[in-house]
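Taken together, the values in this text are just the output of simple stated rules run on the coordinates, not laboratory data. In this text the structure is predicted, and so the values were computed from the model without any measurement. Cβ coordinates were reconstructed from backbone atoms using ideal geometry, including for glycine residues, and neighbour counts include every protein chain displayed.
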Amino acid sequence: MRLRCSSFLHTPRRAWKGMHMRNYTTQMEAARKQIVTKELEIVAQKEHMTTEELMPLVAEGKVVICANKNHTCIDPEGIGSMLRTKINVNLGVSRDCKDYDVEMQKVMQAVEMGAHAIMDLSSHGNTIPFRRKLTSECPALIGTVPIYDSVIHYQRDLDTLTARDFIDVVRLHAQDGVDFVTLHCGITRKTIEQIRQHKRKMNIVSRGGSLVFAWMCMTGEENPFYEYYDEILDICEEYDVTISLGDACRPGCLADATDVCQIEELVRLGELTKRAWAHNVQVMVEGPGHVPLDQVAANMKVQQSICMGAPFYTLGPLVTDIAPGYDHITAAIGGAVAAMNGAAFLCYVTPAEHLALPNVDDVKQGIIASKIAAHAADIAKGIPGARDIDDKMADARQKLDWEAQYACALDPDTARAIRDSRRPEDDHSDTCSMCGKFCAVRSMNKALAGEYIDIL
C-alpha cells in the first residue's frame, strides 16, 4: 500500500528542514550542495540505503527523484538502475473514450496495486481539472506529455501553433505540479531526411514524436523543444520538473530496432542530458519499444554509455510483433531482461496495446505483468531484500499454508479465487486440486515425519 499524503506527518524532523528553508532549486542541486531533502531521506529509507550513499548518485544524475515542488502530497520514489525497478502506468482519455471518472478509477486501482508513477496521456477535453486533481490528491509520481495537451489547450490545429505555444504549455504543466514531462527534444529537421532515406517499416510510432515531425514538415521550422531547450531547462529548474527525454525514433517493430534513426537520436539525447545537468535539471532517457530479445541487453548498455548513466525508461521493450491482446506478456519478457541489464523504469503495457484504450481490467493485467518483470529483474540484480518475499512464499508452500501464500502473492484475490473455485476434497483439503493426494509437498512432509502416506 502506498503512503497517503498524511503519512508525511511522520517524516523525521531533519527531512522537513528543506521545505521551510528551501535554498536549492532541484533535488540534483540539493544533492550537489550536500543538502538532505525530505524526499532524499524517504527514498534512502525505501531503498535500504544511507543518505550518504544515495546523495552522490542524485548529484551525478544516475538517480532521479521526480518531485515537483508544487506536488505536495507526493510519496517520493527514486529511479535509477541500482535501485528497485519502478513501474509507470499510462492513463488518460481519448476522443473515443472520454470518461474522466473511469480514468480516476484506473488511477486509484493503479496506486493501490503499487504503481510508482501515473502518466496522464489525455488527448481530449478539458485536461486541466484532471491533471490538477492528480497532483493534489495522488501520491504517485505524475508525468505528462505537454505536446499532446497543446492542441487541446489552444483548441487549434497543429500547424497554427507556434513554438511559444508549446513552451507555454510546458510551463503550465510545471505550475500544475507535474513531476516529469516527456519532451521529444532529440528529433530535428535532420530526422525528416533520415526517415525518408532509411525507409523504416513503421516510420515514427511515437505519438508525440509524430506530432513534432508533422509540425516541422508543415511549418518548415526546427523542433521547438530542441531549439528552445535552454528556456525549457529554466522552467524545469524553477519547479524541479524532471525531463524524460522522449525517444521519437523508437522502433515500432522488430525490423526497425537498433537502426540509424534510433541510435542517432540517442546520441543527441546524450548531449541534451549533459546540458540539463549543467542546469541542475534531472533527466531520464526513454528507450526502445519493439526490440528482438537478443538485442535488449545491448540496447541498455549502449544507452548507459551514450547517456552517461542517466536512468533509462523503457516501453516494454516488446520482443515480438505478433501478440496483440497479449502484449503485456511480450513487454514483461523484454522488461525483465531490460531491467536486469540497466533499465530503471518500466512503462507498463496492457493487453489492449495496439488495439484500444485500456479498460480497468486491462490496467490491472498490465500492472501485474510489469510488476513481475520488475521484481524478477531486482532479484537478478541482487537488490537488497528483493528475494525476501519469495523465500517467505517458499516457506508457506512447504507448510501448505494457503493463507500465508496469499499474503505473499502479488495478486492475493486472484490466487484465492482460483483455488476456491476448484477446491480439493475434504480428505486432502490441505493440497490443491492439481495433484490432490499425489501432492509432492504433502508426501515429503509425511515421509520426513515418519507418517503413513495414503495415495488412493
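Taking 35 Å as R0, compute the FRET efficiency from the Cβ-Cβ separation of residue 399 and residue 46 and round it to 0.05.
0.70
Give me the lysines in straight-line cross-link reach of residue 33: C-alpha distance below 29 Å, same-chain residues under 8 apart excluded.
Reachable lysines: 17, 46, 62, 69, 86, 274.
Could you put 161, 315, 410 in order, starting from the residue whose Cβ has the fewest other Cβ atoms within 10 Å?
Ascending number of Cβ neighbours within 10 Å: 410, 161, 315.
Hey, rough spin-label estimate for residue 267 and residue 433, points 7 angstrom out along Cα→Cβ, what's it come to in nanometres?
Label at residue 267, label at residue 433, 6.1 nm between them.
If you find the alpha carbon centre of the range 203-232 and of the range 328-402, how far apart are they in angstrom?
Value for the Cα centre distance between the two parts: 34 Å.
For the range 78-381, build the charge dipole from Cβ charges (+1 Lys, Arg; -1 Asp, Glu) around the Cα centre, then report which of 100, 141, 355 sits farthest towards its positive end.
Among 100, 141, 355, the one farthest towards the positive end of the dipole of the range 78-381 is 355.
Based on the mean of other Cβ atoms within 10 Å per residue, sort peptides 102-111, 213-222 so the most packed one is first. Working shown, then result.
On the way: 102-111: 19.1, 213-222: 15.0.
Listed from highest to lowest mean packing, they are 102-111, 213-222.
Contour minus end-to-end for residue 297 and residue 214, with contour as 0.36 nm per residue of separation and end-to-end as the Cα-Cα distance?
26.7 nm
Taking the dipole about the Cα centre of the chain, with the C-beta of Lys and Arg at +1 and of Asp and Glu at -1, give me whichever of 323, 429, 382 is farthest to the positive side.
Sorting the options by dipole projection puts first 382.
Mind pulling the angle between the C-alpha long axis of helix 412-421 and the longest principal axis of the chain? Nearest 10 degrees, somewhere in 0 to 90.
40
Once you have the Cα-Cα distance between residue 165 and residue 322, take 0.36 nm times their residue separation minus that, and quote the gain in nm to one decimal.
Length gained, residue 165 through residue 322: 52.6 nm.
In nm, give the distance between the simple-model label positions of residue 231 and residue 253, each being 7 Å from the Cα along the Cα-to-Cβ direction.
3.9
Determine, from the Cβ-Cβ distance of residue 451 and residue 379 and an R0 of 35 Å, the FRET efficiency 1/(1 + (r/R0)^6), rounded to the nearest 0.05.
Details: r = 35 Å, r/R0 = 0.99.
The value I calculate is 0.50.
In the set (i) 21.5, 73; (ii) 22.1, 69; (iii) 23.5, 84, which value of Rg and Dmax of the Cα atoms in Å was calculated from the structure you see?
(iii)
Please compute the modelled spin-label separation between residue 390 and residue 416, points set 7 Å along Cα→Cβ, answer in nm with one decimal.
For the pair residue 416/residue 390, the computed spacing is 2.6 nm.
Return an integer: the convex hull volume of the alpha-carbon atoms of the range 79-232, in Å³ per residue.
143
Suppose every K and R has +1 on its Cβ and every D and E has -1 on its Cβ; what is the size of the dipole of the chain about the Cα centre, in Debye to the nearest 20?
I would put it at about 520 debye.
Roughly how big is the range 156-196's charge dipole about its Cα centre, with Cβ charges of +1 (Lys, Arg) and -1 (Asp, Glu), in debye to the nearest 20?
240
For the chain, what is the calculated [θ] at 222 nm in deg cm²/dmol (nearest 500), taking -39500 (n - 2.57) for each run of four or more DSSP H residues and dividing by its residue count?
Dividing the helical sum by the residues of the chain leaves -15000 deg cm²/dmol.
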